[in-house]
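> Submitted below is the structure of interest, expressed as structure tokens.
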Amino acid sequence: MPLQQALRLSSILLAAASFAGLVLTAELSPWLASVGAASILVNVLRTLGVPVLRRISNITRMSAATWNILLVAAFAGFWIDFLWISEELLPAGMHFLVALMINKLFNLHQRRDYLHLYVISLMAILSSAALTNHVSYAPVFVAYLIAGVWTLLLYQLANDSEGTRSPHGVAGGAAGPAASAARITPRLFWMTNAAALGALTLTVLVFFSIPRIGTGLLHKGRGEGLRTSGFSDRVDLGVIGPVKQDPTIVMRVELPERAQPVPDRLYLRGNAYDRYNGRSWANTFTHRRVLGEVAPGTFRVGNTATSQSAGHGHAVMRHDILLEPLDTTVLFGAPFPRSISGELPAIHIDPAGALYLPHPSGTRVQYSVHSESHQVSVDERKARSLAYPEPIRRTYLQLPASLSSNVRSLAQRIAAQAESPYETALAIKQYLLLNYRYSLDIGSSVSARPLDDFLFRRKTGYCEHYATAMVVLLRSVGIPARLVTGFLASEWNDFGNHFTVRQKDAHAWVEVYYPESGWVTFDPTPSLGESAANEWWEVFSRLTDSARLRWDRLFVHYSAVDQLAVVKGLRESGDTLRTELSEMTLAALRPLGRVLSAIPPMFKRATRMQVWLVILLLAGSGTALFFLLRHAPWTISLGRPNFSQAKEALVSNLYRRITSLAESHGIPRSPATTPYELARSVRRHWTIAAPHVESLTSLYCRVRFGQATLSAADLADANCLLDQLRKLPRQP
């Protein structure tokens, strides 16, 4: 491909990569994205020489004045967009960038046009980097980097090929003949790709050496959180059911500690509710306190949720959560959180142990949670009665005045066979699991008594109905309980070693209070058997989801803490490697050590004459070896640098430039022509150049064939003669 065509093509592809980044931000309207994509495609095909497009472009070509008028109109449109349409500076600026890019794509005539396009592309890729954190940005950035390396290299080569003949043009007819004739060779192709790979490697190294300290200024306040249900201060029965069909990803939960077992299902606690009015649940805890930091970015939750739970061998689990932007301030974690760490502004907590951010986050939130699961102690499993504190009884035994006697009778009937509060809770849970059917298709009608409809008439429902029924039945027999909403994670990703939590995993369950063990989780909702998914598509989905998580962890949310962890890992790996190498070295030298340790006793047993004989033998062998290496004919040139090749390369390049100039003036040279024959031919056909050519030919023959030295002064004189030779006119 000719150099000028390659330069134009690489410049358009550079703009295409940056434009793709803008499209990923979802800030471009469909019509503007279509116009930009069509402009790029037309210019690519026109550069490749498609005849139809070339003829059409010649017919529809607009003057420079027309393009300037359109540019002024685009600038006016920017202000209209900013003030009345988008009403935001960033989207309006991106729209104007696309208009500038389209303008320049159709007007790549002068050197400054190329430079303008490069600046526009750089601004576009920076804008897209600030506005998107999706993994699909990675191939766009790699494409931009490769196109950028190619473009800069070709631009420089085009300038060098032109020399000083056309200082204002690099494309089309403005290029000089040398630039037009230059072509892309396979060697240049692979060298440029290697440079692009090196630039990408350097970029990654710089990125991990200088981690991000935030999500960027342009992310502040941008983006609308994912709408969730069941995490406000009030939850109506049936509010979670409609979202059980939504596959949108809400969060991803990693279990970084390899030693801890992976549970089949992971409860992620959100809100807890204490008051039921017969139709909905409410959280009456209006007071929230701010958690204190025990270290920068680490918040101690304390024992708010279970003040007396210590000492019962509860398991502690660490999990890392990447939470998508939500429309709620609730912060999720496995029950029951003990500490939370991450780049969080602050954390609030209510008396029920629910955690909150100060305000909904417009970006993804990444944090780590250490949680402690609660199990009922052996003594409380067997106890026939339990002494509950008065605040617990007053809050978590509340029942609505409208509660029917049928519900109370059912609770008494189930509890009659149980011998302890713990067995009562198990009996109610088992009763709900065996006698009711889980279904999301129960209609949208609102009942005045939804609990009675579920327990005695319909006997079909979803998680809120089961959890509400269990809480009300437990409270009816004097056992404190509360309803909890959150997510139930069950989709384990083997590739990324994390749970993928979706909107459809929204769930409600029950927490029962025990004076010594604290709040304990019970789930009376039966699992809903899901239809078998396409196995191939399921594997691909988990693989891509794992790639997205790694992208977020390693690039979007890479911080100074992660950098310290990498440095620590490298240091530990270095220490381990150094220890292993030391052990291997000692093992290899151990036989030599045994030999050396045996030498002193040998000398002790040897006579003085034997010792002197060994010393003389070693000295004589060393002397003989030295003279052999010094004077042997086959070792004369051993290790000596050969400067003749470099010298010959210089004079050969010098002579090639002479012959090239002679051929450009109509003086051909066949392979059989000697240097002096060429000089005589120059004297006949280009007399004014004869002295210069003869001097250069003489220098070439002395160095090339006479093995004369080539000094710096000789080389400078030769270059001076060549410059003068280029300026000489043709023979009249």
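> Full-extension gain between GLU343 and ASP327, please, as 0.36 nm times their residue separation minus the C-alpha to C-alpha distance.
Details: separation 16, 0.36 × 16 = 5.76 nm, distance 1.90 nm.
Stretched fully, the GLU343-ASP327 segment lengthens by 3.9 nm.
> Could you check the simple spin-label distance between ALA295 and PHE189, using points 7 Å along Cα→Cβ, in nm with one decimal?
Using points 7 Å along Cα→Cβ, the separation is 5.4 nm.
> Next question. Test of the criteria: in the range 4-106, which GluC sites (Glu not before Pro) are in a DSSP loop and have at most 11 other Cβ atoms within 10 angstrom of their Cβ?
On the way: sites: GLU27, GLU87, GLU88; in loops: GLU27, GLU87, GLU88.
Counting only loop positions with at most 11 other Cβ atoms within 10 Å, the GluC sites (Glu not before Pro) in the range 4-106 are GLU87.
> When the accessible area of the range 645-732 is computed with all protein chains present and a 1.4 Å probe, what percentage of it is carbon and sulfur?
On the way: 2880 of 5210 Å².
Result for the range 645-732: 55 percent of the exposed heavy-atom area is carbon or sulfur.
> Please find the FRET efficiency linking SER63 to ARG112, where r is the Cβ-Cβ separation and R0 is fixed at 22 Å, and quote it to the nearest 0.05.
Details: r = 18 Å, r/R0 = 0.82.
Efficiency for this residue pair is about 0.75.
> Right, something else. Beyond 27 Å between alpha-carbons counts as too far, so tell me which of LYS382/LYS429; LYS429/LYS504; LYS382/LYS459 fall in that bin.
On the way: LYS382/LYS429 18 Å; LYS429/LYS504 23 Å; LYS382/LYS459 32 Å.
Too far apart for the 27 Å limit: LYS382/LYS459.
> Run the dipole for the range 1-142 about the Cα centre, Lys and Arg Cβ at +1, Asp and Glu Cβ at -1, nothing else charged, and hand back the magnitude in debye, nearest 20. Walk me through the intermediate numbers first.
Working: 8 positive and 5 negative charges, 167 e Å.
The calculation lands at about 800 debye.
> Next up: Considering amide H positions built from the backbone, and no H for Pro or chain starts, which residues 5 or more places from THR284, or on another chain, come under 5 Å of its amide H?
ASP274, ARG275
> Let's test the formula: R0 of 35 Å, r as the Cβ-Cβ distance of LEU152 and ASP723. What FRET efficiency results, to the nearest 0.05? Show your work: numbers first, answer last.
Values: r = 28 Å, r/R0 = 0.81.
For R0 = 35 Å, the calculated efficiency reads 0.80.
> Now, a different point. Based on the Kirkwood radius over alpha-carbon pairs, what is the Stokes-Einstein translational diffusion coefficient of the range 1-135 at 25 °C with 0.890 mPa s viscosity, in µm²/s?
Translational diffusion coefficient: 157 µm²/s.
> Given H placed 1.01 Å from N in the peptide plane, which residues other than close sequence neighbours of MET251 have an amide H under 5 Å from its amide H?
GLU324, VAL501
> Moving on to the next point. Using heavy-atom solvent-accessible surface (probe 1.4 Å) with all chains present, what is the largest-first order of MET123, MET470? Don't skip to the end; give the middle numbers.
Values: MET123 100, MET470 0 Å².
Accessible-area ranking of MET123, MET470, largest first: MET123, MET470.
> Ok, one more. Name the residues whose placed amide hydrogens come within less than 5 Å of the amide hydrogen of LEU331, ignoring near sequence neighbours (fewer than 5 apart) on the same chain.
The answer is LEU355, TYR356, LEU357.
> With Cβ to Cβ distances under 15 Å as the rule, what net charge do the other residues near PRO450 carry (K, R +1; D, E -1)?
Values: positive: ARG234, ARG279, ARG449, ARG457, ARG458, LYS459; negative: ASP236, ASP452, ASP453, GLU464.
Every neighbour counted, the sum reads +2.
> Computed FRET efficiency, Cβ-Cβ of LEU440 and ALA387, R0 56 Å: what is it to the nearest 0.05?
Values: r = 41 Å, r/R0 = 0.73.
Efficiency, rounded to the nearest 0.05: 0.85.
The values are calculated or read from the model by the stated rules, or taken from the named source; none is laboratory data. Just so it is clear, the model here is predicted, and its values are computed rather than measured. Ideal geometry is used to build each Cβ from the backbone, glycine not excepted, and the neighbour counts take in all protein chains shown. Note: areas computed on protein heavy atoms with side chains; ligands, DNA, RNA excluded. Shrake-Rupley method; radii C 1.70, N 1.55, O 1.52, S 1.80 Å.
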